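*Asks:* One structure coming up, written as structure tokens, with questions to follow.
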Amino acid sequence: MQLKPIAGSLLGSAIVALAALGATTVDRPRPVPAAAGTIEGVVRLAGDQTPGPRTVANTTDPAVCGEVQSRGDLLVAEASRGIRNVIVALGGLAAEELPAAPPGRLVLDNYECQFAPHVAVLTAGSTIEATSQDHILHTVHFYGALVRNVALPMAGMRVAVTASKPGMITVLCDVHGWMQAFVRVDRHRYHAVSDAEGGFRLDDVPAGSYELEIWHERLGRRSQPVNVHAGATSELEIVYSLDDR
Ligand SMILES: [Cu+2]
């Protein structure tokens, strides 16, 4: 993984060096890259089969959430064969070379015995606000880069937690075994989740050569090299096969 020199990176290094020496300095945000491009692409499923997500018989709360629940683990558009909920992110970037990535906020809802959204990306330091619209007990149990268990026994409750560490967070509900969500946390903001047609886009990426990290909950991990040129769009097609399951 290499990040080509970008305008202002020397300034950023100088600020870091001053801070390390204990000098009093202004806590300025890192410079925004002067030479940046876009990565745009689509994730597709090879072949002509269009499988759906796995389903589970709901014997826990059928009166509230129905008798059959989806695991939401493989969503493929019929016409385009685009795959939804694939995480695409630049990997292996050195923190001191990255522009400032302000923390964000994710509302992680519990609705009809499903987490919403099912897959998300966040910058480190972001807030995850767990809430519920269901009149039954859910737990929002975080594993991986964030370890917490939040009980939501009533609709309308809101509990905020902070995702401070980069990495993958898996979210499960202790009451309903099919409920799952996934959140990738990065120190940078060059990450996205593919939409219903498999499309994704990363904006303002500093020009350079990267390894793109690609992840899907059932189809697994991939990586793909990508070159970003200033003022240009790098187009990618990522193809998974059903053999990847
Ligand atoms: Cu639940």
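*Asks:* Give the peptides 82-89, 47-54, 134-141, 102-109 in descending order of average Cβ contacts within 10 Å, highest first.
*Replies:* 82-89, 134-141, 102-109, 47-54
*Asks:* May I pose another question? Which of rounded, prolate, oblate describes the range 36-244, given a ≥ b ≥ c as roots of the alpha-carbon gyration tensor eigenvalues and a/c under 1.5 marking rounded, otherwise prolate only if a/b is larger than b/c?
*Replies:* oblate
*Asks:* Could you order peptides 231-238, 177-184 by the average number of other Cβ atoms within 10 Å of their residues, highest first?
*Replies:* 177-184, 231-238
*Asks:* Sticking with this structure for a sec: Run through the range 47-147 and list the chymotrypsin sites (Phe, Trp or Tyr not before Pro) located in a DSSP loop whose Cβ has at most 14 other Cβ atoms within 10 Å.
*Replies:* Hits after loop and neighbour filter: nothing returned.
*Asks:* Which FRET efficiency, nearest 0.05, do His229 and Ala155 yield, Cβ-Cβ r, R0 35 Å? Could the numbers behind the result be given before it?
*Replies:* Numbers: r = 50 Å, r/R0 = 1.42.
After rounding, the FRET efficiency stands at 0.10.
*Asks:* Report the one residue of Gly92, Pro166, Ala196 whose Cα lies farthest in the direction of the positive end of the charge dipole of the range 36-244 (charges on C-beta: Lys and Arg +1, Asp and Glu -1; origin at the Cα centre).
*Replies:* Pro166
*Asks:* Okay, moving on. Could you tell me how far the Cα centroid of the range 133-158 sits from the Cα centroid of the range 171-199, in Å?
*Replies:* The distance from the Cα centre of the range 171-199 to that of the range 133-158 comes to 16 Å.
*Asks:* Oh, and also: Take peptides 201-207, 218-224 and line them up by average Cβ neighbours within 10 Å, highest first, as a rough protection proxy.
*Replies:* The packing order, highest mean first, is 201-207, 218-224.
*Asks:* What is the sum of charges around Asp203, taking Lys and Arg as +1, Asp and Glu as -1, for the other residues whose C-beta is under 12 Å from the C-beta of Asp203?
*Replies:* Neighbour charge sum, excluding Asp203 itself: 0.
*Asks:* Treating only the Cβ of Lys, Arg, Asp and Glu as charged (+1, +1, -1, -1), what charge dipole size does the range 36-244 show about its Cα centre? Round to the nearest 20 debye.
*Replies:* The calculation lands at about 440 debye.
Laboratory data are not the source of any read-out in this text; all were calculated from the coordinates shown. In this text the structure is predicted, and so the values were computed from the model without any measurement. Ideal geometry is used to build each Cβ from the backbone, glycine not excepted, and the neighbour counts take in all protein chains shown.
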